[in-house]
Every structure is written in C-alpha cells, then in structure tokens.
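Novice: So that we are looking at the same thing, I have put the structure below in structure tokens.
The values are calculated or read from the model by the stated rules, or taken from the named source; none is laboratory data. Quantities reported herein were computed from a predicted structural model and do not represent experimental measurements. A quick note on method: Cβ atoms are made from the backbone with ideal geometry, for glycine too, and the neighbour counts reach across all protein chains shown. Note: accessible area is taken over every heavy atom of the protein model, side chains too, but ligands, DNA and RNA are not part of it. Shrake-Rupley method; radii C 1.70, N 1.55, O 1.52, S 1.80 Å.
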Amino acid sequence: MRARPRFLALLLALLLGVSGARAEVYQAEGMASLEGGRTAAREQAIDDALAQIAVSHRGRLVGVSEWGPEGLAESSLLGPRRVPGRMSVISEREGEQLLYVTVSLDTGQTASGEAPPVARVEVQTAQDGCAGTSLPPGRFLKRRALTSFFALKHPQQSSGLGEVSYWLPGELARRLSLQNNVSAMDGGRYTLFAPGVLDEPLSGQDSARELGAREGAQFIVAGQVVESRISRQAPRLSLFGSADSTQASLAYNGPFAGFLGASVRVAPVAREFAMDVWLYDAFTGALLARERLSGEASGDVAPSSARSLTPYALADSDYGRMIDGLIDQAVQRLSVNMGCLPFTTRVVRAEGGKVYLGAGAVDGLAVGDRLLVYRQQPDTQIRSAAGEALGVPEVLLGDISITQVQPRMSLGIMNGGRQAQTGDLARFPRRL
C-alpha cells in the first residue's frame, strides 16, 4: 500500500495546512483496495481524498483508516470530518489492485450550488443541508426509528395531561412516519432508563443499542417531560357553583349571591410545557442529538381530569395547541437529524454469497441498489474521557447488489470481498 509516501504526504499537508476563510478549489487523489469490490473501493477512495483535503485545509488530521488483520478498518466516530463545499469526481483509474479517484472540492459552493454561510445554527432541511445519497425524484429511503417512554420529571404537575408518557411517543411516531425519510414505530412500552433516572441521557446509550438490535431500528427516540406547571393564576367569577374543587374560591356577597351561587375563584390562566428529546444511533448507542422544546400558553389552560389531553384533543384548548406546535418542532428536528445520516439496515441472514437484509420496499430499497457491507467490532467501542459512547470501529467487507425486494425484506448478492454474516450492517453509499 506504499504507506510511507502516503504518510509523508499527509505530514507535509499537516505542516503546510491553511485555515483561510476565503473560497478555494481543492483537489486530491484518494486510493483504496479493489479487494472488496469497485463500489466499496470507490466510496473509500473518495473518503481518502476528502480526508487529505481536510488535512491541507484545516491543518489537522481529522480521520484515519488502517489495514489490519481483519482488513480495512474504519471508525464511525461522530463529528465533522470534511471541509464543506461542492464535491465532484474528476477521474478514476485502476492499477496494482487499487482504485485511484481524483476529487475536486469547491469551498465556495454547497452541494446545491449556493454559497455556503459562514455559520449555521438553525435547523436545515434534510434535502438542502445534508450530503447523502442522491435518488431519483419521488424516491426516498426511510430510516427506521423507534420512539420510547417519556418519563415525568414532576409527576405532581401532570394534572390534565392524561397518560402523556405513553401518548407522546405514540404521537411522535405517527408524525415522524408522515415524513419522507422516516418510518417510525411506537415503542412507548419500552424505556432506556432505570426508574428515577432522569436528566442523564448518556445512561441510556447501551440500552438504546440493545433495543435497536432487538426491534430492527436505526434510531431510538427517548426523552422526558420536564415542565408542565401552572405559571399564572387570576380571579374568575363563577356562577351556580362548580364541581371543580382544585381551584381556590372566595365567598361572594354581592347581589343575587344566594340565588346564583356566585363565587370568585382563582383559576389558571397560563401554563408551561417543556420536554427533552434525545436521539440515539441504535447501531452504536451514540447520542446524536438532544433538544429541549418549551413554551407557555395563555387562556384555556385549566387542568381537568374530566378533559385529559390526548393526541385527538390537542386542538380543543390553548394549552393543547401549544403542545401540538412543540411536537411538530420535535418531529422536524428529528427528521432532519435522521435524514442527514446514511440509510443503514442489518443483515438478518447470510447464506454463502446471498445476503438477506431487514429492509425492503417500504423502506425505499429497489432492485439494482448497491449497498456497502460493514462488520462492527463491538469489543473496541470508542468512548470519550467522560464515558460517552462515540462509535464502534467497522471493517468494510465489500458491497452487495439487491436482486429481490419484498415489503420488509430484500435479497442481495455479494460482489467479491469477504462473506457477510448475520448482524453485519448494510449502508447506502454516496452517489454522485
């Protein structure tokens, strides 16, 4: 593999790297072994070229791939690994069982051809803000997600919310499934955390990985209801009495008091709602995103056991409509985060060169698709100094061609490389 010249080239780029903000056009030639098939080699060669550009552009090494006893080892570490810009392949050539791909990257253009902003803090749409597979118009790959139980941080405040811990994940799953890139399942009966464990999303990482493997999901959504307190009360005149004893009342001695049964009651006129939403990668357990969504409603916010909130009654009160808007925000942000990551599924069965995947037509796969096959090395899971799971190293085995598709399953044939096994991952490659 001529490791020494490549190392010297990277070292030279590291020493001479620049970090200027002006737009530039960079070129680099990446290489990869053809042992696992041309599709897998092309993907790896492009990554190699982009890594070289990142080194020369930012002056630091951002990613490493190594050959070991098990073949080519990659890491699924989270974090920026590339310089943003519009990338294109200039040329490809083969030699000495290697594939060489020359890549050009224009830092003054995005994938859509527009000038990139200096900083982006707002949520982007999955189509415009993410680099991923380019599919024909009208075709989408649906990433499977499982929503789980939402615990109540302050149960004493939950009057009128019904069984929000169960209906909230169910409603998230329903609305997520209406998105083009997500197929969600309601897992409100599952929880990632031990009883009483709140505000610790990192403690659910191992459970997220186990639950994802058991339920065939790519992502796990979890969270908690943080706040639902009444924030403001005001006096209200009540006639003919009231059966609601939850509101404080004062005697009224004005005209017709005895006849009308009038009284002045202190009623809720403003109420808050806040929820934490956590998104996990079900293959590694890594915490991908954490959001706190909150709001306050005024007007019709009085809690009532006779009119408990349900997904079908959110539009009936000011408080419900506010919560309805927060759920929509959560769905939008979750959809963008999921859509920005490659479509991945599991190998559920392997027989020689035949590979059966746990995803099919309802997930967007079609005959003729080619996916890269990886094998995780769970014994070497990478964690931060604080114990946070960051990723699991992977070995690239090769690629498969889909030859048969059923609603929830598909069959593929390995194109050279090593044989797949049950539990391996199949990931949709980049398409240019």
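Novice: Checking Ala184 against (1) over 30 Å from Ile382 (Cβ atoms); (2) at pLDDT 90 or above, which single condition isn't satisfied?
Specialist: Only one criterion in (1) over 30 Å from Ile382 (Cβ atoms); (2) at pLDDT 90 or above is unmet by Ala184, namely (1).
Novice: Something else: Look at Ile327 and say whether it is in contact with a strand residue (DSSP E or B) (Cβ under 8 Å, 6 or more places away or on another chain), within 23 Å of Asp186 (Cβ to Cβ) and part of a helix (DSSP H, G or I). Can you show your working first?
Specialist: Numbers: in contact with a strand residue (DSSP E or B) (Cβ under 8 Å, 6 or more places away or on another chain): no; within 23 Å of Asp186 (Cβ to Cβ): yes; part of a helix (DSSP H, G or I): yes.
The answer is no for Ile327.
Novice: In region 284-333, how many are hydroxyl-bearing (Ser, Thr, Tyr) and open to solvent by less than 60 Å² (accessible area, probe 1.4 Å)?
Specialist: Filtering region 284-333 down to residues hydroxyl-bearing (Ser, Thr, Tyr) leaves 284, 294, 298, 304-305, 308, 310, 312, 317, 319.
Now restrict to residues that are open to solvent by less than 60 Å² (accessible area, probe 1.4 Å): 284, 304, 308, 310, 317, 319.
Final tally of qualifying residues: 6.
Novice: Residues being within 23 Å of the chain's Cα centre (by Cα) and buried (at least 23 other Cβ atoms within 10 Å of the Cβ): count how many of those fall in region 348-368.
Specialist: The qualifying residues number 3.
Novice: Could you check, for region 268-277, whether at least one of its residues is of a type in the set (Phe, Trp, Tyr) and open to solvent by less than 30 Å² (accessible area, probe 1.4 Å)? It would help to see each step written out before you state the result.
Specialist: Residues of region 268-277 of a type in the set (Phe, Trp, Tyr): 273.
Going one step further and asking which of them are open to solvent by less than 30 Å² (accessible area, probe 1.4 Å), we end up with 273.
Within region 268-277, one or more residues are of a type in the set (Phe, Trp, Tyr) and open to solvent by less than 30 Å² (accessible area, probe 1.4 Å).
Novice: Which of the residues belonging to region 223-242 are in a loop (DSSP other than H, G, I, E, B), modelled with pLDDT under 90 and not aliphatic (A, V, I, L, M)? Before the answer, list the steps.
Specialist: Residues of region 223-242 in a loop (DSSP other than H, G, I, E, B): 228-229, 239-242.
Going one step further and asking which of them are modelled with pLDDT under 90, we end up with 239-242.
Within region 223-242, Phe240, Gly241, Ser242 meet the criteria.
Novice: If we scan region 243-259, do we find a residue that is modelled with pLDDT under 90, surrounded by 14 or more Cβ atoms within 10 Å (Cβ to Cβ) and more than 30 Å from Phe150 (Cα to Cα)?
Specialist: yes
Novice: Something else: Filter region 174-222 for residues that are within 23 Å of Gly138 (Cα to Cα), open to solvent by less than 30 Å² (accessible area, probe 1.4 Å), touching a Ser or Thr at 6+ places or on another chain (Cβ under 6 Å) and assigned to a loop (DSSP other than H, G, I, E, B) and give the result.
Specialist: Selection gives Gln218 alone.
Novice: Now for a separate question. Check off (1) open to solvent by 50 Å² or more (accessible area, probe 1.4 Å); (2) assigned to a helix (DSSP H, G or I); (3) closer than 21 Å to Met275 by Cα for Val336 and give me the number that stays unchecked.
Specialist: Unmet for Val336, out of (1) open to solvent by 50 Å² or more (accessible area, probe 1.4 Å); (2) assigned to a helix (DSSP H, G or I); (3) closer than 21 Å to Met275 by Cα: (1).
Novice: Also, quick follow-up: Working carefully through the options Val362, Val355, Val348, find the one that is hydrophobic (A, V, I, L, M, F, W, C), closer than 28 Å to Asn415 by Cα and touching a Phe, Trp or Tyr at 6+ places or on another chain (Cβ under 9 Å). First the steps, then the outcome.
Specialist: Numbers: Val362 fails: touching a Phe, Trp or Tyr at 6+ places or on another chain (Cβ under 9 Å); Val355 fails: touching a Phe, Trp or Tyr at 6+ places or on another chain (Cβ under 9 Å).
Result of the check over Val362, Val355, Val348: Val348.
Novice: If I filter region 369-390 down to residues being open to solvent by 30 Å² or more (accessible area, probe 1.4 Å) and among the β-branched types (Val, Ile, Thr), which single residue comes out as modelled with the lowest pLDDT?
Specialist: As a first pass, look at region 369-390 and keep what is open to solvent by 30 Å² or more (accessible area, probe 1.4 Å): 370, 375-388, 390.
Checking which are among the β-branched types (Val, Ile, Thr) leaves us with 380, 382.
Numbers: Thr380: 74, Ile382: 81.
Per the stated criteria, the residue is Thr380.
Novice: Which strands (runs of 3 or more DSSP E) sit wholly inside region 379-432 and have at least 2 residues that are touching a residue at least 60 places away in the same chain (Cβ under 8 Å) and touching a helix residue (DSSP H, G or I) at 6+ places or on another chain (Cβ under 6 Å)?
Specialist: On the way: elements: 389-391, 394-405, 410-414, 425-427.
Here the list reads 394-405.
Novice: Inspect all residues belonging to region 26-47 and state whether any of them is in contact with a Lys or Arg (Cβ under 6 Å, 6 or more places away or on another chain), farther than 23 Å from Leu288 by Cβ and at pLDDT 70 or above.
Specialist: yes
Novice: Given the conditions (1) at pLDDT 95 or above; (2) open to solvent by 30 Å² or more (accessible area, probe 1.4 Å); (3) in contact with a Pro (Cβ under 6 Å, 6 or more places away or on another chain), which single one is not true for Glu171?
Specialist: (2)
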